[in-house]
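This report concerns only the one structure given below.
The values are calculated or read from the model by the stated rules, or taken from the named source; none is laboratory data. In this text, all values refer to a predicted model and were calculated from it rather than measured experimentally. Because the Cβ atoms are built from the backbone with ideal geometry, glycine has one as well, and the counts that use them run over all protein chains shown.
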Amino acid sequence: MASVYWLFCGSPWQDELGYNEAREQHFAELAAHNMPKEFQLPKDWRDSDAGAYELMFRLVSLASWIEAHESLLAWRSIRRNRAAWDGEDREARQQARDAGILASLPCTVERFSDWAIADFVKNFTRYDSKQWRSVLKKAAVLTEVPSSVKEVDNWIWWRFPIFSRCGWSAAEALSAAQEKFPDHPDLKEEGAFKSHWVRRGLRFSGRRTSRRQPPLAAFVTSVPVPKTIPDELSLLY
């Protein structure tokens, strides 16, 4: 397990594995706990509960940020190109996926792997002229569909790992969002806020408490969140 963590956080290949945004959020969380980026196994790690506990904490933290990274990516992809997730019509799903790739090419062509290019080109032989017209029309429509998300939605999504692991209630998350985005029209009422995020797959599991401040409140409001998210291609290939 220590070698897996080192591969993502400390190895010479970490940047090639992707998830740079998630890794930076993980490192920021470690800093909030006064922990170094590098994990050093104690010499007597086989008998050290502290070493095992720290490694597990780091793995859980890193995994939660990667999950936020991928779930935000999936939500954006579904929101922009729902047909690409059609579970009933395989052919329509493939055409929608290829249309999405074509629409994204101007910004993402350098991110294609050799395998992805070969797989994508293979579809050229599968489509007849009518199907290609359909794919190209879909791609033209998708170029007009914004791929970005609202700043407040991006912020909530990138703060959900803390909300979830630290047991924040919907009221506490709403209060932090209101502090970050004062007078935002979507941040007025707790019930509407909670329902809004449940519909997007994010459920606040924490209960109301009398605590004055939830864990890592300063981290939530002061640490910047990633302003950009990777393209849908990481999901397709």
- request: Among what's in the stretch 40-76 and is at pLDDT 85 or above and over 18 Å from I162 (Cβ atoms), pick the residue that is surrounded by the fewest Cβ atoms within 10 Å (Cβ to Cβ).
  value: Y53
message: Return the residues of the stretch 130-149 that are part of a helix (DSSP H, G or I) and within 22 Å of the chain's Cα centre (by Cα); say none if nothing qualifies.
response: L142
- prompt: If you take the residues of the stretch 1-25 that are among the polar types (S, T, N, Q) and within 17 Å of the chain's Cα centre (by Cα), which of them is surrounded by the most Cβ atoms within 10 Å (Cβ to Cβ)?
  reply: Q25
- line: So, first residue outside the structural domain of W155 (by TED's automatic domain parsing) in the stretch 10-31, second residue surrounded by fewer than 15 Cβ atoms within 10 Å (Cβ to Cβ), Cβ within less than 6 Å, six or more apart or across chains; the pairs are G10/E38; F27/K37
- prompt: Taking the stretch 185-220, which residues are among the acidic types (D, E) and part of a helix (DSSP H, G or I)?
  reply: E190
- request: Could you run through the stretch 150-184 and say how many residues are in contact (Cβ under 8 Å) with a residue 60 or more places away in the chain and either crowded, with 17+ Cβ neighbours inside 10 Å or not in a helix (DSSP H, G or I) (or both)?
  value: 9
- line: If we keep only residues of the stretch 118-129 that are in a helix (DSSP H, G or I) and at pLDDT below 80, then the residue farthest from K180 (Cα to Cα) is T125
